[in-house]
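The values are calculated or read from the model by the stated rules, or taken from the named source; none is laboratory data. These numbers come from a predicted model, not from an experiment. With ideal geometry, Cβ positions are generated from the backbone for all residues, glycine too; neighbour counts draw on all protein chains shown.
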Amino acid sequence: MKIIYQGKPREIEENANGFVAAKTLEPENKNKIIAYKVGEKTFDMRRVLLENEEIVFIHTSDKEAFEILNHSTSHLMAQAIKRLHPQAKFGYGPAIEEGFYYDVDFGDESLTENDFAAIEAEMARISKENVPFIRKDVDAKEAKKVFVDNPYKLELIEGIEDNISLYEQGEFVDLCRGPHVPSTGFIKNFKLLSLAGAYWRGDSKNKQLTRIYGTSWWSKEELASYLEILEKRKANDHRKLGRDLGLFMISDYGPGFPFFLPNGMLLKNALLDYWRKVHLRNGYVQVETPTMLSRDLWETSGHWDHYRDNMYTTKIDEKDFAIKPMNCPGAILVYKNDIHSYRELPLRFAELGHVHRHEASGALNGLFRVRAFTQDDAHTFIRPDQVESEVKAIMRVMDEVYNVFGLSYRIVLSTMPEDHIGSEEFWKRSEAALAQACIDSGHEYSINEGDGAFYGPKLDFKLKDSMGRTWQCGTIQLDVNLPHRFGCFYIDENGEKKEPYLLHRVVFGSVERFIGIITENYGGAFPTWIAPIQCAILPVSSAQNEYAKEVYDSLVSVGIRCKIDDSNEKLGYRMRNAQVNKIPFTLVLGDKERDSKSVTYRVFGEKEQISVSLEEFKKLITKSVEEKLRYL
Ligand SMILES: [Zn+2]
Ligand SMILES: [Zn+2]
C-alpha cells in the first residue's frame, strides 16, 4: 500500500504498523523511533497504518518523545505500586514539563519518601520484564467493569464522550488515551523525586490523594545531569539565600507580604535605578497613582464585578474603597487629566506600582507567590495605527533589560478568544501587528490560539534561567476595553474626538518575583552592579584600620557599596566570610598596601590575589559596575 513520508508517496507492505514503517523507511533510526504522528494525532508503534496516511516519526530526541516516555513511566510506577500496595487506587498520571506524576489513593496507608526505593526497585524489575503496552478500545460499559473498584477512573469514564481506550501492561490495566512507548523495557533511567498532597481534580472539597513526582530520561547521563540541576536549584533556593544573605523576610504577622531587609533593599534599588534610566531613555514618563481608590472607579474598570475575590477592600467615610490590584485605572485617570492631541501619542506612563492581590495561603511561596508586589508597569496610549511600531519599541526595552541578565526568552502570541469584544477585523489587524513586531525585532514566536484576553491579543515573554526553568515575566497586552469604558479620547488631525488604544506592559512583571528569579539564577552571587555589598575591605590588623577607612571613603565617593570588616576574627575567617556573603570584590590591606597606597584584591570565586594601586582598583570596579559585568 501507499503512504506519504517526508512529502513523498512510499510503498509499504499491507497492514504495516509503526515498527514495520520505521524499519522500511528509517532503518538506521528504527531503535530511536518510539511513536508516530498523522496530522495532529500521535499513535503507538503497534497501530496499523492506513492507506495514504502522511506519517512523521517521533524520535527519542524530540520533545514529544520525552513526554511520552515520562507519561509511560507514570504507568510503570503505578504497576509497581499496585504490586506492592494492592489497595492503591489511581487518579491522574500525566507527563509534566520535567517529568511526570501520579495521584494515588493509598487508603488507610500513608506513603513516605522512604518507600521510594522499594517502588523504584519494582519498577526496575518490570522494566527488565519488558512487558508491552497494549491498547484496547472498549465501550463505557466494559471500561466500568474493569474499574469497578476505582471511583476516580469511574468518574473519568463518565466524562469521556468519544472512544474509551485501555492500556494493558502485563497484569496491570489503566484507563488512558495514550500514546506510550512500545514496552516497559524502554524505561530505564528514572527517579522518584517527591510527594505532595493533591485534591482529586484540584478541588478542595474532594479527597486528598498522594501525588508522587518522578522523572524519566532516555540515558543515564541525562538523568544524572538533571538530578544535578535539581540539587543546584535546592542550593539556590531564594528563600534560603534570602535569609542567608539578608535580602528579605516574611513575618507571621503578614503572610505573603514580604519585608525587604537592608541588603535586599540595596539590590532592589539598584535594579529600580537601572529601570528608571532605561525608561527615561526610551521616552517614558513616570507617574505614581494611589494605593486605595473608591469603589466607583473599580466599578467603571470592571474589577469590582470580575476581580473582587482577589481584592482587599475597606471603608472610608462609610464608602467602599479597594486597594489596587492593578495600576491601569490610575493611569487612565492620569491620561484623562489633560486633553491630548494625536501628535502627543504614544504617551507612555510608567509606574512602579505596589499592588495587592489575594492569594490562597497554601499557594504562597517566598517571593515567587506573594500578596503584595511591585509591578514595573507602563500604560501607553496610542493611535490605532501605532500598534506595531510601539510594540516594537517596547520589545527593544525588553531585549535590553533581559540581555543585561543574560536571560534568553521565547514569545507566545495569544489570539482572539471565543468571548471577545471588538470586530474580527480589529483582532486580525492587531494580531498581525503583534506578530510583525516580533518578526521585525528578530524574534520567533509561537501562537496560543484563543488565549487572548476578551479585550485584545497579547504577547507573553517566557524567560529561561541558568537552571533550565522557564519564567513568564514580561507581557504586552493590547486593550480597547478600558479606554472605552473610561471615555478616553484624543483630538485627531481633523479636530475630532477619537478613542485611543491602550498597551499595558511589564518587563520584570513583579519586581519581587524577578528578584527571586535572579537570586536563584545567580545562586546569590550577583553581578557587581546589583550586589548589595560590592566590596569587602579587610585590614590585616588594626595597624591598617586608618588606611582601610581611607580606601572606604575613596570607593564610596565613586558610588561603590563597601563594608569594612575590622572585627577581631582571623584574616582567613574574615576572607571566608566575604565569600559566604558572595561579595564580588574582597580587598586585603596590609602594611605593604598601606605604604604604597595600593590594594590586594580577590574576585568572588577565584583564588588569585592581585595587587594594584587604589586608583587602578577604583577604575576597575567602576568598570565592572558600569558595564554590568559579573565581576570583571
Ligand atoms: Zn497512559
Ligand atoms: Zn494595566
Select from region 128-148 the residues that are of a type outside the set (Val, Ile, Thr) and within 16 Å of ligand 1 (Cβ to nearest atom) and write down the one among them that is surrounded by the most Cβ atoms within 10 Å (Cβ to Cβ). Phe133
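Sort out for me the strands (runs of 3 or more DSSP E) sitting completely within region 161-238 that have 2 or more residues that are away from ligand 1 (no atom under 16 Å from the Cβ). Please lay out each step first, then the result.
On the way: elements: 164-169, 172-175, 189-199, 208-217.
Here the list reads 189-199, 208-217.
Which one of Asp137, Asp149 is more than 16 Å from ligand 2 (Cβ to nearest atom), modelled with pLDDT under 95 and assigned to a loop (DSSP other than H, G, I, E, B)? Step through it out loud before you land on a result.
Details: Asp137 fails: assigned to a loop (DSSP other than H, G, I, E, B).
It is Asp149.
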Do we have Ser127 as over 26 Å from Pro179 (Cβ atoms), assigned by TED's automatic domain parsing to the domain that holds Glu155 and either assigned to a loop (DSSP other than H, G, I, E, B) or of a type in the set (Gly, Ala, Ser) (or both) here? no
Exactly one of Leu503, Leu463, Leu459 is over 30 Å from Gly99 (Cα atoms), in a strand (DSSP E or B) and outside the structural domain of Tyr226 (by TED's automatic domain parsing), and that residue is Leu503
What's the total number of residues in region 434-481 that are away from ligand 2 (no atom under 15 Å from the Cβ), of a type in the set (D, E, K, R) and closer than 22 Å to Arg396 by Cβ? 4
Determine the pairs where a residue that is at positive phi and in the same structural domain as Phe90 (by TED's automatic domain parsing), located within region 168-182, has a partner that is of a type outside the set (Phe, Trp, Tyr) and crowded, with 21+ Cβ neighbours inside 10 Å with Cβ atoms under 6 Å apart, the partner being 6 or more residues away or on another chain. Gly178/Asp44
Given (1) assigned to a loop (DSSP other than H, G, I, E, B); (2) closer than 22 Å to Pro262 by Cα, Asn577 misses just (1)
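Could you pull out the residue among Val412, Val387, Val355 that is more than 16 Å from ligand 1 (Cβ to nearest atom), crowded, with 20+ Cβ neighbours inside 10 Å and among the β-branched types (Val, Ile, Thr)?
Values: Val412 fails: crowded, with 20+ Cβ neighbours inside 10 Å; Val355 fails: crowded, with 20+ Cβ neighbours inside 10 Å.
Matching residue, one of Val412, Val387, Val355: Val387.
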Over region 305-322, the set of residues modelled with pLDDT of 95 or more and either closer than 30 Å to Gly283 by Cβ or polar (S, T, N, Q) (or both) is Thr313, Thr314
Contacts under 6 angstrom Cβ, first residue in region 478-491 being in the same structural domain as Arg429 (by TED's automatic domain parsing) and away from ligand 1 (no atom under 16 Å from the Cβ), partner at pLDDT 95 or above and among the small types (Gly, Ala, Ser), 6 or more apart: Ile491/Ser341
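Here is a yes/no grid of residues against (1) over 27 Å from Arg513 (Cβ atoms); (2) under 21 Å from the mean Cα position of the chain (by Cα):
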residue: Asn206; (1), (2): yes, no
residue: Gly214; (1), (2): yes, yes
residue: Ala235; (1), (2): no, yes
residue: His238; (1), (2): no, yes
Taking the options Ile537, Ile533, Ile583, Ile518, name whichever one is surrounded by 17 or more Cβ atoms within 10 Å (Cβ to Cβ), over 30 Å from the mean Cα position of the chain (by Cα), at pLDDT 95 or above and more than 30 Å from Phe381 (Cβ to Cβ). Ile537
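Just to be sure before I move on: is Asp460 within 20 Å of Leu502 (Cβ to Cβ), surrounded by fewer than 19 Cβ atoms within 10 Å (Cβ to Cβ) and under 24 Å from the mean Cα position of the chain (by Cα) in the structure I sent? Please lay out each step first, then the result.
On the way: within 20 Å of Leu502 (Cβ to Cβ): yes; surrounded by fewer than 19 Cβ atoms within 10 Å (Cβ to Cβ): no; under 24 Å from the mean Cα position of the chain (by Cα): yes.
No; evaluated as a whole, the condition is false for this residue.
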So Phe116, is it surrounded by 15 or more Cβ atoms within 10 Å (Cβ to Cβ) and under 30 Å from the mean Cα position of the chain (by Cα): yes
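Would you call Gly452 more than 16 Å from ligand 1 (Cβ to nearest atom) and surrounded by 14 or more Cβ atoms within 10 Å (Cβ to Cβ)?
Numbers: more than 16 Å from ligand 1 (Cβ to nearest atom): yes; surrounded by 14 or more Cβ atoms within 10 Å (Cβ to Cβ): yes.
Criteria met by Gly452.
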Asn581 being out of contact with any helix residue (DSSP H, G or I) (no Cβ under 9 Å at 6 or more places or on another chain) and in the same structural domain as Glu616 (by TED's automatic domain parsing): no
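Any residue at all in region 485-493 that's at negative phi, modelled with pLDDT under 95 and surrounded by fewer than 17 Cβ atoms within 10 Å (Cβ to Cβ)?
Here is the first cut: in region 485-493, the residues at negative phi are 485-486, 488-493.
From what is left, the residues that are modelled with pLDDT under 95 are 485.
Those left that are additionally surrounded by fewer than 17 Cβ atoms within 10 Å (Cβ to Cβ): 485.
Within region 485-493, one or more residues are at negative phi, modelled with pLDDT under 95 and surrounded by fewer than 17 Cβ atoms within 10 Å (Cβ to Cβ).
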Give the number of residues within region 529-544 that are of a type in the set (Gly, Ala, Ser) and outside any helix (DSSP H, G or I). 3
Enumeration of residues in region 555-579 that are within 23 Å of Thr519 (Cα to Cα), surrounded by fewer than 20 Cβ atoms within 10 Å (Cβ to Cβ) and touching a residue at least 60 places away in the same chain (Cβ under 8 Å): Gly559, Arg561
